[in-house]
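The values are calculated or read from the model by the stated rules, or taken from the named source; none is laboratory data. Just so we're clear, the structure is a prediction, and the values are computed from it rather than from any experiment. Please note: Cβ atoms are built from the backbone with ideal geometry, for glycine as well, and neighbour counts cover all protein chains shown.
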Amino acid sequence: MVIEPSNSTFNLLMEHINEIESYNGGDQGYLNEIFTWWHRIPRDMNFLKHFWIGDEEQKKQMKTRLFGAEPPILYVLHYLGVKPWLCFRDYDCNWNVDFFQEFASDVAHARWWKVLIKFE
């Protein structure tokens, strides 16, 4: 996922990284341990990159606009399927496997790389 926390939130996360254990060994488990109220935050703060089977075209277009909005509308975007850092930069490799195509979005993929490049 892409998260750009404020300096104070970043410091909070880093201060406790050696004290608090992720219940699943990953970033989501760690964040859930830090932010116990996470499930109550608004949808734009915790959005999944997923196109549900049966989503009509209008809903798919709306999600695509959210993924690529400038300035960004979504604060947290969870990447499902094959993660963008495991793919090439130019396209979402979830397109390569039928089973993962519901997670494919070149626009959301580009968002990951755009944010990453700011920190390189």
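Taken over segment 56-104, the residue count meeting the criterion of being of a type in the set (D, E, K, R), over 16 Å from residue 116 (Cα atoms) and in contact with a helix residue (DSSP H, G or I) (Cβ under 6 Å, 6 or more places away or on another chain) is 0. Scanning segment 75-96 for residues that are over 27 Å from residue 31 (Cβ atoms) and either outside any helix (DSSP H, G or I) or of a type in the set (Gly, Ala, Ser) (or both) yields 88, 90, 91.
Out of the residues in segment 62-120 that are buried (at least 19 other Cβ atoms within 10 Å of the Cβ) and of a type in the set (Lys, Arg), state the one that is modelled with the highest pLDDT. Among those that are buried (at least 19 other Cβ atoms within 10 Å of the Cβ) and of a type in the set (Lys, Arg), it is 111.
Number of residues in segment 16-51 that are under 22 Å from residue 105 (Cα atoms), among the aromatic types (Phe, Trp, Tyr) and at pLDDT below 75 equals 0.
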